[in-house]
Amino acid sequence: MIRDTSATDRLVELKPDRKRQLILLAIGVVALALLAWLAPGIGRLFSASGSVSSSRLAFATVERGAFVRDIAAEGKVVAANSPTLYATSGGAVTLKVHAGDTVKIGQVLATIVSPELLNKLAQEQSNADAMEVNYQRAKIDARKQRSLLRVAYENAQIDMQTATRNFDRYQKAFKEGAVPRMDVDRAVDALDKAKIALRHAKSDLGMDNDSLNFDIESKKLAHARQLLLVQDLQRQVDNLAVKSPVDGQVGQLFIAERATVAKDAKLLSVIDLSALEVQVKVPESFARDLGIGMTGEISGNGKTWKGIVSAISPEVVNGEVAARVRFAGTAPKQLRQNQRLSVRILLDHRENVLTVQRGSFVDESGGSYAYVVRDGIATKTPIRVGASSIDKVEILQGLKAGDRIVISGTDNFKGAARIAISQ
């Protein structure tokens, strides 16, 4: 029979390890404290609809201060006065200048040879001379006719006087019995005939005088009308010498030398370099606030000049509105046509305004809400926005100074009410 080890076994008494118990107790207390500290955050985390990394978001803090609304855009220098010259008549054109030449007002830039117009002017001038001859002849004939009428009237007056004297003589002689009654009656008839002749001579003198005056006036008006036609043709002939309407520079030539052109064909353009403006294109969203007379700044070539909005296009093209800004004062001499410059137009300036950096949240929500970040949780908060500038937006309601909001990346929230922001 094999013996076991029971004879050699003995009971060992274990003493409690106080140090180990203290360590475990401390660990338990720390765990409980940490759990109590993290409990609110864990509760908020579980109350959120999801979690989004902060690296995918952009944040900004609401501030109170000055609010400046302005428009910044790139523009190009254009001439405020850049007339295009046209051919006033068809013909062969001889250019007197080249593109880029400096010209003075009234300087001949091109000449047009138009034999048809010159021939027409000569014909109408000849007609005017002939009408003037007819007008002068009518005045001479009128004077002759008036003279004849005056002679007839005066003869009628003499006949009237003669008939009156004969009647008086025969009447006295009849009373004395020297002549018969027949002679007196014959003298009465002669007197009546003389009166009728005098009356008609006087009437013809007045009536024919009016007729002569009318004929002279008619020929005078016809001659004056012909002179106006000649003057118009002379003006057209003078315009065959195309002159510069401004002091400036020849821009573009639209024809070749000695080219034959039709009437109203474009010949060349002249740029008035003393009246330069900057043309800019403004987004449609800002154009509604843009007005003529607003001030701004024009910068380029390391310099800055003050500007004033001088014109705004009434139509929208490709979501933009064209506007022109002129220099306040004398335009700089070193600028050139189509040169690129930067333009800043001041729309509004106010102090003590609640603003936040502009972001996509305005477009995504229509300015109706924003996500306010507190303790790592982004909460959807209703807001109301006001005016916008290039980099800021005015806050009218829903936020206060110091609030931190998400300005970009809110599309990741998918409209959730609460989102946890992870690091």
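Please state the charge dipole magnitude for the range 115-238, taken about the Cα centre, from unit charges on C-beta atoms (+1 on K and R, -1 on D and E), reported in debye and rounded to the nearest 20.
600 debye
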Checklist entry - Over the chain, one equal point on each Cα, no solvent: what is log10 I(q)/I(0) by the Debye formula at q = 0.10, 0.14 Å⁻¹? => result -0.97, -1.23
Item to check | Kirkwood Rh, Cα atoms: Rg over Rh of the range 115-238 | outcome: 1.45
Next on the checklist: Which of 129, 185, 101 ends up with the largest GNM mean-square fluctuation for the chain, with Cα atoms connected below 10 Å?
Outcome noted: 185
Next on the checklist: Placing unit charges on C-beta atoms (Lys and Arg positive, Asp and Glu negative, everything else neutral), compute the dipole magnitude of the chain about its Cα centre in debye, rounded to 20.
Outcome noted: 1060 debye
Checklist entry - For the range 285-335, with the dipole built from +1 on Lys and Arg beta-carbon atoms and -1 on Asp and Glu ones, taken about the Cα centre, which of 292, 310, 332 lies farthest toward the positive end? => result 332
Checklist entry - What are the aspartates and glutamates whose alpha-carbon lies under 15 Å from the alpha-carbon of residue 306, with same-chain residues fewer than 8 places away excluded? => result 70, 277, 297
Checklist entry - For the range 44-123 and the range 131-189, what is the separation of their Cα centres, given in Å? => result 88 Å
Next on the checklist: Students often forget the sequence filter, so: which aspartates and glutamates lie under 14 Å Cα-Cα from residue 414 once same-chain residues fewer than 8 apart are removed?
Outcome noted: 364
Checklist outcome for this item: Here, residue 243 and residue 374, labelled 7 Å along Cα→Cβ, have an inter-label distance in nm of 8.0 nm
Checklist outcome for this item: Any trypsin sites (Lys or Arg not before Pro) in the range 147-196 that lie in a DSSP loop and have at most 15 other Cβ atoms within 10 Å would be none
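Cross-link list 76/243; 76/303; 104/303; 76/392: which exceed 25 angstrom alpha carbon to alpha carbon?
76/243; 104/303; 76/392
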Next on the checklist: How many angstrom lie between the Cα centre of the range 289-318 and the Cα centre of the range 255-277?
Outcome noted: 28 Å
Next on the checklist: Through the Karplus equation 6.51 cos²θ - 1.76 cosθ + 1.60, θ set to phi - 60°, convert the phi angles of the range 112-124 into ³J(HN,Hα) values in whole Hz; use x for Gly and Pro.
Outcome noted: 10, 9, 10, x, 4, 5, 5, 5, 5, 4, 5, 5, 5
Checklist entry - One-quarter of the Cα convex hull surface for the range 206-321, in nm²? => result 16.2 nm²
Item to check | Length released on extending from residue 260 to residue 306, taking residue separation times 0.36 nm less the Cα-Cα span | outcome: 11.9 nm
Checklist outcome for this item: Plugging the Cβ-Cβ distance of residue 169 and residue 125 into 1/(1 + (r/R0)^6) at R0 = 60 Å yields, to the nearest 0.05, a FRET efficiency of 0.35
Checklist outcome for this item: Rounded to the nearest 500, the 222 nm mean residue ellipticity computed for the chain from DSSP H runs (n ≥ 4, each -39500 (n - 2.57)) alone is -13500 deg cm²/dmol
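Hey, got a sec? Which GluC sites (Glu not before Pro) in the range 205-299 land in a DSSP loop and have at most 16 other Cβ atoms within 10 Å?
In loop regions of the range 205-299 (DSSP not H, G, I, E or B), the sparsely surrounded GluC sites (Glu not before Pro) are 257.
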Next on the checklist: Cross-link candidates for residue 139: which aspartates and glutamates have Cα within less than 15 Å, leaving aside residues fewer than 8 places away along the same chain?
Outcome noted: 208, 210, 215, 217
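Values in this text are rule-based calculations from the coordinates and carry no lab data. Keep in mind the model is a prediction, meaning the values are calculated, not measured. Cβ sites come from the backbone with ideal geometry, for glycine too, and all protein chains shown count toward neighbours.
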